[in-house]
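Single-structure report; data block below.
The values are calculated or read from the model by the stated rules, or taken from the named source; none is laboratory data. No experiment lies behind these values; they were computed from the predicted model shown. Virtual Cβ from ideal backbone geometry, glycine too; neighbours counted across all protein chains shown.
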Amino acid sequence: MLGEDNQKMSKSRGNVVNPDDMMDQFGADAVRLYEMFMGPLEAMKPWSSRGVEGVTRFLERVWRLMVTEEGGLSPSVGSAAPSLEQQRLLHQTIKKVSEDIDELRFNTAIAQMMVFTNEMTKAEQRPRALLEPFVLLLSPFAPHVAEELWAILGHVPSVSQQPWPQFDPALTVSDRLTIPVQVNGKLRGKIEVAADAARDMVERAAREIVAEWLQGSEPKKVIYVEKKLVNFVV
């Protein structure tokens, strides 16, 4: 780990960061989470106190998903059934975090948990069926926060004694795709189609999006990369 000046930490350079000071300021969970979020374990990377602040804000958003300002369980947390899209997001998150932990890709696991948190923040009702597995996913990264949340959700014993959540492979695949549409290699729009949409259907939808750039003329060539890209050469 490098200092904030991008140089190797050393007393002679005066760029050493005392972890005790950081934990006093931000808490052990935030410092722990930031060190895992900095990037691949094998890469050298500079310390950034602002980065710790960013991770702290993430943990605060996670907390507000479930806890009121008074410290009780939020009324938005209930037994409502999650939507299909919410279930997909949860199972995609379980799959991503589980695989990334096995491969020591902690930074991308945390990024996926941030995606989950951002989406759940938008929801007026937050089903327990989504939040409880998420707390279990968070626990190896931020054990103290996860333990508090688990208790506020009304569970005993410790979160560390719970089984790891499992994902349903059928729910990790989205039934919709977002495909970029280019004209002469330049991005001109995006279309959303069914995951099993045929090429002609995708191409028709893409033509509508970029009609003003095609100007009614027939493209010389249509490059279609299945489920990934449509490019009209004019």
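What are the residues in segment 71-101 that are of a type in the set (D, E, K, R), surrounded by fewer than 17 Cβ atoms within 10 Å (Cβ to Cβ) and at pLDDT 95 or above, if any? 99 - this is the single residue of segment 71-101 that is of a type in the set (D, E, K, R), surrounded by fewer than 17 Cβ atoms within 10 Å (Cβ to Cβ) and at pLDDT 95 or above. Only residues that are under 24 Å from residue 95 (Cβ atoms) and surrounded by fewer than 17 Cβ atoms within 10 Å (Cβ to Cβ) were counted across segment 178-192, and they come to 2. Answer yes or no as to whether residue 107 is at pLDDT below 95 and touching a Phe, Trp or Tyr at 6+ places or on another chain (Cβ under 6 Å). Yes; evaluated as a whole, the condition is true for this residue. Name the residue that is modelled with the highest pLDDT, counting only residues in segment 39-55 that are part of a helix (DSSP H, G or I) and surrounded by 18 or more Cβ atoms within 10 Å (Cβ to Cβ). Looking at the filtered set, the residue picked out is 55. Restricting attention to segment 20-38, the residues being more than 16 Å from residue 145 (Cα to Cα) and loosely packed, with under 13 Cβ neighbours inside 10 Å number 2.
Each row is one residue, and each column tells you yes or no for (1) out of contact with any helix residue (DSSP H, G or I) (no Cβ under 9 Å at 6 or more places or on another chain); (2) not polar (S, T, N, Q).
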{"position": "116", "(1), (2)": "no, yes"}
{"position": "125", "(1), (2)": "yes, no"}
{"position": "134", "(1), (2)": "no, yes"}
{"position": "154", "(1), (2)": "yes, yes"}
{"position": "162", "(1), (2)": "no, no"}
{"position": "184", "(1), (2)": "no, no"}
{"position": "207", "(1), (2)": "no, yes"}
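Answer yes if at least one residue in segment 164-182 is touching a residue at least 40 places away in the same chain (Cβ under 8 Å), over 25 Å from residue 101 (Cβ atoms) and touching a Pro at 6+ places or on another chain (Cβ under 7 Å), and no otherwise. No, segment 164-182 has no match at all. Is it the case that residue 60 is in the same structural domain as residue 144 (by TED's automatic domain parsing) and over 20 Å from residue 34 (Cα atoms)? No: the conditions fail for residue 60.
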